[in-house]
Structures are given as C-alpha cells and as structure tokens.
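First the structure, in the form of structure tokens, and then the observations on it.
The values are calculated or read from the model by the stated rules, or taken from the named source; none is laboratory data. Not measured: the values here are computed from a predicted model. Using ideal geometry, Cβ is built from the backbone for each residue, glycine included, and neighbour counts are taken over all protein chains shown. Remember, those area values only see protein heavy atoms, side chains included, never the ligands or the DNA or RNA. Shrake-Rupley method; radii C 1.70, N 1.55, O 1.52, S 1.80 Å.
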Amino acid sequence: MTGRTRINIYNMSSVQFEIQDHIAFITLNRPDKLNAFNREMALLLQNRLDECASLHEVRAVYITGAGKAFSAGQDLAEVTGPDAPGMEKLLAEHYNPIITRIRNLPKPVLAAVGGVAAGAGANIALCCDVVVAAQSASFIQAFSKIGLIPDSGGTYFLPRLVGWQKASAISMLGDKVSALEAERMGMIYKVYENEDFAGASRALASVLAQLPTRALALTKHALNHSSTNSLQAQLLLEDELQQEAAKTKDYAEGVNAFLAKRPAVFKGE
Ligand code: LHQ
C-alpha cells in the first residue's frame, strides 16, 4: 500500500474505520451519547479489532472518539428495560472480548483520548499500549457512582499503572482525573495541548507504524506476562521471544542500517 492510499470503510457506522499509511484509525462514533457503548458498537469494535489483527498492511491501531468525548462507557439507557442485555452478556460478550482483543493484537494500539473517558470507556483506553490525551481530557472510574465495580480490566491495569493506593482511591471515589494528573501518576504516556492533540497523536501513531512491527508485537507479548511471571520465567520468555525477533527481516535491516550509518527502513516483516 502506498503512503497516499486511504481506505474508508464503514464511515456511517458507530465505529468508523479507516486505514491510512499502515495505521488503522478506529473512531468511536456516537458523539451525541459521548460515544457510550451500546451492543452494536461493542460488537463492531470487536470486528474492527479482528480486521486490524488480520490485515497485513495495518502496522498500528489508533483508537479515538468522535466529538468531545473518548467514551462515557456503557450506554446506561441500554441496561434497563425488557430488551436490555443482561449483566452476564455485557461483560462476557462486550467488554471482556474488547480488552482481550486489544491485549492480544500483535500490533501497537494507541488510545488518543480527546475528552472524557469514563467507566468502561476509561478502561478500554487504559489497556492500550500507548495512551495519550488532550489537556482537557479526563479519566473517570465512574462505576462506584452507580453501584458497580471497575470492570473492563480496571482492577487489573489501574494498580499496575498507578500503584495500589491511587488505584484504590480513584476506583472508590470515582474522581475525575485530569489528563495532566493522569500523566503525572503514570496512568497515561503523554498529554498534548488541545490544539496540538490531533496532529501530535497521529504523528505518534505514524512513528509506531514505521517501527519493526514484529518486535513490537513480541514486546507486547512479554509485557502481557511480566506482572504474573517470576523473574526466571520472564527471563526464559525474553530469551524465547528474542530468538523469534532475531529471525525477522526487520532485525537484519536494523543492524545493517546501523552499521551503514543510514536510517533503517522497517517493513514489519
Ligand atoms: C450517556 C452516558 C452513558 C448513556 C453520557 N450512557 N448516555 C458494565 C456492566 C454493566 C452495566 C454497566 O456498565 C458497565 C461498564 C460501564 O461503563 S459502567 C459506567 C457507565 N458510565 C457512566 O456511569 C458515566 C455516565 N456519564 C457521566 O457521568 C457523564 O455523562 C460524564 C462525566 C461522562 C460527562 O459529563 P458531561 O460532560 O456533563 O456530559 P453529560 O452528562 O451532559 O452527557 C451528555 C449526553 O450524553 C447526555 O445526553 P442528553 O441527551 O441529556 O444530552 C447524557 O445523558 C449522555 N450520556 N454518558 N454512559
């Protein structure tokens, strides 16, 4: 695919999907509901993530929200009424598969949080490999306010990102954590000024898309195991994954480019 090629797919949908320059742009698109998840949107996001995994030309994934929010989490209008999907469906069929797909996707996934990210919306962002935000964005573990516990991996990722005490307080109090605070406490990677956010976050996705994709996938795999493995098990895993990385064309290119004192051109192979 050339640098100019752009594929627009499903643009009228509640999950927009577009591929450009090896980046799959996924936009949560129910702006009048602050991109809250209904069943359709949750299932569509899973489908789009599957496409990202299977399409060879996709080397990085960029997830954002349309309008002023990233996502307000579960559409609370859809949890009541006779046709409401039951609680067992909401996690087992909606959120758990989304989180699992993002963590298992063998490509870097960047969350670009331009506004509020609440409930499952916050935790979908926080499970991504790189999380950046606009200065006016915020993160809210909104669950306690409606009598629930943090789901979508919140109780897994938050303590690992910010430590037990902050995770515990933020989860219980449902504080609105500003983007700057989130950056300071290590919840997210970086904050950009509002006016720079779109350009800077896309530029970062572009950097990720040009890196050696297989090595990034193996890095992700190693990190996925690091918080449950012993040191010895993790050293063995690193050994195994490094053997695999060393077989890639990108590794050969990286070393050759270094020795030839020229920039490396990685192909994700
Ligand atoms: C919404 C929502 C929303 C529907 C804003 N739903 N319409 C798992 C298992 C089972 C069940 C439940 O959920 C889960 C996972 C979860 O995600 S639980 C957490 C669910 N999310 C929340 O509790 C957050 C609810 N929203 C809010 O607290 C606020 O809207 C925030 C703080 C996100 C933003 O506040 P504002 O910027 O002041 O916006 P707003 O409240 O005025 O909302 C704008 C519109 O969006 C409004 O609609 P309207 O028709 O009145 O203009 C809201 O009703 C709608 N909206 N969140 N989750």
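Of the numbered criteria (1) part of a strand (DSSP E or B); (2) open to solvent by 20 Å² or more (accessible area, probe 1.4 Å), the one residue 77 fails is (1). Would you tally the residues in the stretch 41-89 being within 14 Å of the ligand (Cβ to nearest atom) and modelled with pLDDT of 95 or more? Looking only at that region, the number is 15. Using beta carbons and a limit of 9 Å, which pairs, at least six apart or on different chains, have the first residue in the stretch 84-96 and closer than 14 Å to residue 149 by Cα and the second one basic (Lys, Arg)? Pairs found: 90/39. Under the condition of being of a type outside the set (A, V, I, L, M, F, W, C), surrounded by 13 or more Cβ atoms within 10 Å (Cβ to Cβ) and in a loop (DSSP other than H, G, I, E, B), the residues counted in the stretch 80-94 number 1. Looking across 144, 152, one residue alone is within 13 Å of the ligand (Cβ to nearest atom) and part of a loop (DSSP other than H, G, I, E, B). It is 152. Would you point out which residue out of 112, 198, 205 is more than 15 Å from the ligand (Cβ to nearest atom), within 28 Å of residue 56 (Cα to Cα), outside any helix (DSSP H, G or I) and modelled with pLDDT of 95 or more? None of the others qualify; the one that does is 112.
For residue 8, the conditions (1) surrounded by 14 or more Cβ atoms within 10 Å (Cβ to Cβ); (2) of a type outside the set (D, E, K, R); (3) assigned to a strand (DSSP E or B); (4) modelled with pLDDT under 95 all hold with the exception of (1).
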